[in-house]
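The values are calculated or read from the model by the stated rules, or taken from the named source; none is laboratory data. The model shown is predicted, which means the values in this text are computed figures rather than measured ones. Virtual Cβ from ideal backbone geometry, glycine too; neighbours counted across all protein chains shown. Keep in mind that these areas ignore ligands, DNA and RNA; they rest on the heavy atoms of the full protein, side chains included. Shrake-Rupley method; radii C 1.70, N 1.55, O 1.52, S 1.80 Å.
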Amino acid sequence: MLLLLAGVLPLLGAPAASGVASACTGRPARTVGFATGELRVYKSRALVCAVTVAKKPGKRRAMSVTLQPRGGRAVGDSGRYKTMAGPVTVNAVNRCVRATGAVAGESASTGWILC
C-alpha cells in the first residue's frame with residue numbers, strides 16, 4: 001500500500017512551498033501576495049512568526065523579511081536565497097505587529113495587525 005501511495009503522490013503534486021508551513025508554528029494570520037512572492041504571518045499563543053516565500057523558487061535572489069512588535073525592536077532576515085527568507089519570530093502578547101517582505105526588489109507590508 002505504501003508503494004502505491006508513494007507512486008501517486010508525485011503525480012498529485014504538492015504546493016510549491018509545502019515546507020514553508022513547517023517553518024513557523026501557529027495558525028496562519030495574514031498572507032500578502034506581491035509580484036515576485038508572498039509574505040506569510042503566523043500567530044501562536046505568545047509568538048508571531050513571518051516568512052517571505054518566492055513565487056518561483058530556483059535562482060538565488062535578494063530576499064528579506066522583517067517583523068516588528070509595536071514599541072519593540074524589529075527582527076529581520078535578509079540575504080540571497082532560493083526559496084524563502086526567515087522565519088523570524090517575536091514575542092507579541094497583546095501587541096500589534098507589522099511585517100514586511102521583499103523578493104528581488106518587489107515588496108509588501110501588512111501594516112499594524114493582530115491588535
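Overview of values
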{"item": "Residue match in the stretch 61-84 (condition: at pLDDT 95 or above, among the β-branched types (Val, Ile, Thr) and assigned to a loop (DSSP other than H, G, I, E, B))", "result": "yes"}
{"item": "Failed condition for Ala102, given (1) out of contact with any strand residue (DSSP E or B) (no Cβ under 9 Å at 6 or more places or on another chain); (2) not β-branched (Val, Ile, Thr); (3) not in a loop (DSSP other than H, G, I, E, B)", "result": "(1)"}
{"item": "Top-ranked residue of the stretch 34-75 - restricted to ones that are closer than 11 Å to Val103 by Cβ and of a type in the set (Gly, Ala, Ser), ranked as most open to solvent (accessible area, probe 1.4 Å)", "result": "Ala35"}
{"item": "Verdict on Pro28 being modelled with pLDDT of 95 or more, in contact with a strand residue (DSSP E or B) (Cβ under 8 Å, 6 or more places away or on another chain), open to solvent by 80 Å² or more (accessible area, probe 1.4 Å) and at negative phi", "result": "yes"}
{"item": "Within the stretch 80-103, tally of residues that are surrounded by 15 or more Cβ atoms within 10 Å (Cβ to Cβ) and either on the phi > 0 side of the Ramachandran plot or touching an Asp or Glu at 6+ places or on another chain (Cβ under 7 Å) (or both)", "result": "3"}
